[in-house]
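Written below as structure tokens is the structure these notes are about.
The values are calculated or read from the model by the stated rules, or taken from the named source; none is laboratory data. Nothing here was measured: the structure is a model prediction, and the numbers come from that model. So basically every Cβ, Gly included, is an ideal-geometry build from the backbone, and we count neighbours across all protein chains shown.
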Amino acid sequence: MTTLRALLLALVLACTAAVPAKASELIADLSQHLIAITTGFSGANVLLFGSVEAPGDVVVAVSGPKHDITVRRKARVGGVWVNNDQMTFASAPAFYALASSAPIRKILSEGERGVHKIGVHHLSLTPKGEEPPDRLSDFREALIRNKQNQGLYAEDAGKILFLGKQLFRTDITFPANAPVGTYEVQVLLVRDGKVVAAEITPLSIGKVGFEANVYNFAYDYGLLYGLLAIVVATVAGWLASVAFRKS
Amino acid sequence: MQIYLPIAEISVNIFLILGMGGAVGFLSGLFGVGGGFLMTPLLIFIGIPSPVAVATEANQIVASSVSGVLAHWKRGNVDFRMGLALLAGGVLGSTFGVWLFTFLKSLGQIDLVIKLSYVVFLGIIGTLMFIESLRAILRSRNQTPPARRHHTWIHGMPFKVRFRKSRLYISALLPIGVGFVVGVLAAIMGVGGGFVMVPAMIYLLGMPTSVVVGTSLFQIIFVTANVTVLQAVNNQTVDVVLALLLLTGGVIGAQFGAKAGAKLKGEQLRILLALMVIGVCMKLGFDLVLTPDDLYSIGAGGGH
């Protein structure tokens, strides 16, 4: 009997030890993990919600599909502005949005943001090949500036609201020009200027139904697609002509 | 009401696109030009990526040209023999043009080439047409008969063919050559080439204005159809949803345009077209010369 009790006690202890205290420190999830692009797509909102064990600040960073991005620089050649210089950044995020429960500068120091790659100026934008630092910084800033103008890089994408001391929520907004692909939603818990817990959730944006069919057809059967496009155009032109002859 | 374009990968307002199609379609029916030289810059302006704008516009011109050519055919204003000669050159030219387009795109200079082509061709043709049609209008007011056509080197070229409807007896090489040049432009600029074709037919080949518009539209159908297929195969940049919206507005506009055009005199049409061509040319020209807001721009990545 005593041996059984000891065994049971050991089991309970083992179980509680197996669950680290930090795991429940931060829990977060999204209302949906797939954003479907349909014919009427004009951007989307995804609800991010979660809870923290003890009070702290929450930072959410959404970073988009990674592609090579080429930045080109114009110069005046013979009176005309021409692209005459370029730099390609290897696997740079096509989309980046940052939201936090308080202004990010107040929560995390510049150095700390650098360590955790938080904020558009700390993204890992590395060029293909060696580049002198001056030139690199010019092109890197230009990439960020252009992306911000397109609404694809944002540092104040939203405010994370706390409901009480533990529950938090925020809406992540994806514009209509958000690129198709796999995204990573990183949720960080910050306390006393340090990141104490982190969680990563995937999210993907993809075309579905008609949009996906048209896109796949165009890429898989280019010739047939082109011929069909002509047939549609010819019939439409003929229909209009017939319609107007009768009236 | 917004609609997402599957190939262009952006969301646009349906009524904006329909309206643009209708307005440009009207001008297309009126002047016998595809209207591409107006539509392609407009599409790029509202944010459609330029390769998609160029390829999709070619598809839309197929529709507006079919609609327009049927209206002209009824009035017996299409010279099919001349059209076929122009077409032979046009198919060769547009095939070469799509290849050139793909090559320039890989160099990152396609936008510049598109804009420079616009400025150069629109500038030259607009100015020439303006001067000529102004003279024609002044001449008709003074009631002096037009000058007789002179016998030039053009009439000494081999392979002469009789084009009955155009009342011409000229070398077949001429329309083939004109067709080739226009075909290259059609592919690179996303235009039907009517604005080059129409003046070339009038001033270079000496065709009567009455058959020029119908014949130009006839051959534009096939050249733009060729461009559409080649772009779809090589670059996957034809957006059928965008094309459908544009052509819905476009074919209706073209019918009204053709009716309005029948009421205007040839030289009046030409001077209006000339003014419009010069206008677009100046706008694009200024854009190339003025200092851009940001010297840097993001292009498609090397891996794409």
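Which condition does B:G261 not pass, out of (1) within 26 Å of B:I125 (Cα to Cα); (2) loosely packed, with under 14 Cβ neighbours inside 10 Å, if it passes all the others?
Failed condition: (2).
Mind checking whether some residue in region B:56-70 is surrounded by fewer than 20 Cβ atoms within 10 Å (Cβ to Cβ) and either more than 7 Å from every other protein chain (Cβ to nearest Cβ) or part of a helix (DSSP H, G or I) (or both)? Reasoning before the result, please.
Residues of region B:56-70 that are surrounded by fewer than 20 Cβ atoms within 10 Å (Cβ to Cβ), as a first pass: none.
Within region B:56-70 (the criterion being surrounded by fewer than 20 Cβ atoms within 10 Å (Cβ to Cβ) and either more than 7 Å from every other protein chain (Cβ to nearest Cβ) or part of a helix (DSSP H, G or I) (or both)), the answer is no, since none of the residues qualifies.
For region A:34-91, which residues satisfy the criterion of being closer than 21 Å to A:N177 by Cβ and free of Cβ contacts under 8 Å to residues at least 24 places away in the same chain?
A:G40, A:T70, A:R72
Quick one: which of B:T228, B:T224, B:T237, B:T215 is over 17 Å from the mean Cα position of the chain (by Cα) and either buried (at least 23 other Cβ atoms within 10 Å of the Cβ) or not small (G, A, S) (or both)? Lay out the reasoning, then the answer.
Values: B:T228 fails: over 17 Å from the mean Cα position of the chain (by Cα); B:T224 fails: over 17 Å from the mean Cα position of the chain (by Cα); B:T215 fails: over 17 Å from the mean Cα position of the chain (by Cα).
Only one candidate qualifies: B:T237.
Could you check, for region A:145-154, whether at least one of its residues is of a type in the set (K, R), surrounded by fewer than 20 Cβ atoms within 10 Å (Cβ to Cβ) and either closer than 30 Å to A:E25 by Cβ or in contact with a helix residue (DSSP H, G or I) (Cβ under 7 Å, 6 or more places away or on another chain) (or both)?
First, the residues of region A:145-154 that are of a type in the set (K, R): A:145, A:147.
Filter once more, so that each one left must be surrounded by fewer than 20 Cβ atoms within 10 Å (Cβ to Cβ): A:145.
Add one more test, that the residue is either closer than 30 Å to A:E25 by Cβ or in contact with a helix residue (DSSP H, G or I) (Cβ under 7 Å, 6 or more places away or on another chain) (or both), and what stays is none.
No, region A:145-154 contains no residue that is of a type in the set (K, R), surrounded by fewer than 20 Cβ atoms within 10 Å (Cβ to Cβ) and either closer than 30 Å to A:E25 by Cβ or in contact with a helix residue (DSSP H, G or I) (Cβ under 7 Å, 6 or more places away or on another chain) (or both).
May I ask you to list pairs of residues, at least six apart or on different chains, whose Cβ atoms are under 8 Å apart, with the first in region A:126-153 being without any contact (Cβ under 8 Å) to a residue 60 or more places away in the chain and within 9 Å of another protein chain (Cβ to nearest Cβ) and the second being of a type in the set (V, I, T) and surrounded by 17 or more Cβ atoms within 10 Å (Cβ to Cβ)?
Close Cβ pairs (under 8 Å, with a partner that is of a type in the set (V, I, T) and surrounded by 17 or more Cβ atoms within 10 Å (Cβ to Cβ)) amount to A:K147/A:V120; A:K147/B:I298; A:Q150/B:I298.
For region A:98-116, which positions are surrounded by 21 or more Cβ atoms within 10 Å (Cβ to Cβ) and closer than 24 Å to A:L136 by Cβ?
First, pick out the residues of region A:98-116 that are surrounded by 21 or more Cβ atoms within 10 Å (Cβ to Cβ): A:98-100, A:107-108.
Within region A:98-116, A:L98 is the sole residue that qualifies.
Out of curiosity, is A:Y219 in contact with a strand residue (DSSP E or B) (Cβ under 6 Å, 6 or more places away or on another chain), outside the structural domain of A:K66 (by TED's automatic domain parsing) and not in a strand (DSSP E or B)?
Details: in contact with a strand residue (DSSP E or B) (Cβ under 6 Å, 6 or more places away or on another chain): no; outside the structural domain of A:K66 (by TED's automatic domain parsing): yes; not in a strand (DSSP E or B): yes.
No, not satisfied.
Which of the residues spanning region A:189-209 are part of a strand (DSSP E or B) and within 14 Å of chain B (Cβ to nearest Cβ)? Talk me through it step by step, then tell me what you get.
Taking region A:189-209 first, the residues part of a strand (DSSP E or B) are A:189-191, A:194-207.
Listed by number, the residues that qualify are A:I205, A:G206, A:K207.
Of the numbered conditions (1) in contact with a helix residue (DSSP H, G or I) (Cβ under 9 Å, 6 or more places away or on another chain); (2) at pLDDT below 90, B:S11 satisfies every one except a single condition; which is it?
So the condition that B:S11 fails would be (1).
When you look at B:L86, is it crowded, with 22+ Cβ neighbours inside 10 Å and either away from chain A (no Cβ under 14 Å) or at pLDDT 90 or above (or both), yes or no? Please lay out each step first, then the result.
Values: crowded, with 22+ Cβ neighbours inside 10 Å: yes; either away from chain A (no Cβ under 14 Å) or at pLDDT 90 or above (or both): yes.
Here the answer is yes, as B:L86 does meet what is asked.
Pick out the one residue from A:V185, A:V190, A:V208, A:V214 that is closer than 25 Å to A:S109 by Cα, of a type in the set (V, I, T) and over 12 Å from the mean Cα position of the chain (by Cα). If you could, list the steps in order and put the result at the bottom.
Details: A:V185 fails: over 12 Å from the mean Cα position of the chain (by Cα); A:V208 fails: closer than 25 Å to A:S109 by Cα; A:V214 fails: closer than 25 Å to A:S109 by Cα.
After applying the criteria, what remains is A:V190.
For region B:264-287, enumerate the residues that are more than 16 Å from the chain's Cα centre (by Cα), surrounded by 17 or more Cβ atoms within 10 Å (Cβ to Cβ) and under 30 Å from A:N84 (Cβ atoms).
B:L284, B:G285
Those residues that are among the aliphatic types (A, V, I, L, M) and more than 18 Å from B:G25 (Cα to Cα), I need them from region B:233-281; list them, please. Working first, answer last.
Here is the first cut: in region B:233-281, the residues among the aliphatic types (A, V, I, L, M) are B:233, B:238, B:240-247, B:251-252, B:254, B:258, B:260, B:262, B:264, B:269, B:271-278, B:280.
Across region B:233-281, the qualifying residues are B:V233, B:V238, B:I271, B:I278.
Return the residue satisfying two criteria in turn: it lies in region B:184-224 and is at pLDDT below 85 and of a type in the set (F, W, Y), and of such residues it is nearest to B:G93 (Cα to Cα).
B:F195
Return yes or no: is A:G164 more than 21 Å from the chain's Cα centre (by Cα), surrounded by fewer than 19 Cβ atoms within 10 Å (Cβ to Cβ) and on the phi > 0 side of the Ramachandran plot?
Details: more than 21 Å from the chain's Cα centre (by Cα): yes; surrounded by fewer than 19 Cβ atoms within 10 Å (Cβ to Cβ): yes; on the phi > 0 side of the Ramachandran plot: yes.
Yes: the conditions hold for A:G164.
Looking at (1) surrounded by fewer than 18 Cβ atoms within 10 Å (Cβ to Cβ); (2) assigned to a helix (DSSP H, G or I); (3) modelled with pLDDT of 75 or more, find the lone condition where B:V181 falls short.
(1)
Looking at (1) within 14 Å of the chain's Cα centre (by Cα); (2) hydrophobic (A, V, I, L, M, F, W, C); (3) at pLDDT below 90, find the lone condition where A:V60 falls short.
In the conditions (1) within 14 Å of the chain's Cα centre (by Cα); (2) hydrophobic (A, V, I, L, M, F, W, C); (3) at pLDDT below 90, A:V60 misses (3) alone.
When you scan region A:75-87, do you find a residue that is surrounded by 17 or more Cβ atoms within 10 Å (Cβ to Cβ), within 14 Å of another protein chain (Cβ to nearest Cβ) and either closer than 25 Å to A:L26 by Cα or polar (S, T, N, Q) (or both), even just one?
Yes, because at least one residue in region A:75-87 is surrounded by 17 or more Cβ atoms within 10 Å (Cβ to Cβ), within 14 Å of another protein chain (Cβ to nearest Cβ) and either closer than 25 Å to A:L26 by Cα or polar (S, T, N, Q) (or both).
In region A:116-125, which residues are out of contact with any Lys or Arg (no Cβ under 9 Å at 6 or more places or on another chain) and in contact (Cβ under 8 Å) with a residue 60 or more places away in the chain?
Step one: of region A:116-125, the residues out of contact with any Lys or Arg (no Cβ under 9 Å at 6 or more places or on another chain) are A:116-118.
Result: A:H116, A:I118.
Do we have A:A94 as surrounded by 14 or more Cβ atoms within 10 Å (Cβ to Cβ), touching a Ser or Thr at 6+ places or on another chain (Cβ under 6 Å) and of a type in the set (A, V, I, L, M, F, W, C) here?
Details: surrounded by 14 or more Cβ atoms within 10 Å (Cβ to Cβ): yes; touching a Ser or Thr at 6+ places or on another chain (Cβ under 6 Å): no; of a type in the set (A, V, I, L, M, F, W, C): yes.
Taking the combined requirement at face value, the residue does not satisfy it.
Give the residue that is nearest to the chain's Cα centre (by Cα), with candidates limited to residues of region A:217-247 that are surrounded by 14 or more Cβ atoms within 10 Å (Cβ to Cβ) and more than 8 Å from every other protein chain (Cβ to nearest Cβ).
Step one: list which residues in region A:217-247 are surrounded by 14 or more Cβ atoms within 10 Å (Cβ to Cβ), which gives A:217-218, A:221-222, A:224-230, A:232-234, A:236-241, A:244.
Next, from what is left, pick out any that are more than 8 Å from every other protein chain (Cβ to nearest Cβ): A:217, A:221, A:224.
On the way: A:F217: 27, A:Y221: 31, A:L224: 35 Å.
It comes out as A:F217.
Take the residues in region B:1-31 that are of a type in the set (S, T, Y) and within 10 Å of chain A (Cβ to nearest Cβ); name whichever of them is nearest to A:T38 (Cα to Cα). Let's see the steps before the verdict.
Keep residues of region B:1-31 that are of a type in the set (S, T, Y), which gives B:4, B:11, B:28.
When the remaining residues are screened for being within 10 Å of chain A (Cβ to nearest Cβ), the result is B:4, B:11.
Values: B:Y4: 7, B:S11: 10 Å.
Filtering region B:1-31 for residues that are of a type in the set (S, T, Y) and within 10 Å of chain A (Cβ to nearest Cβ), the one nearest to A:T38 (Cα to Cα) comes out as B:Y4.
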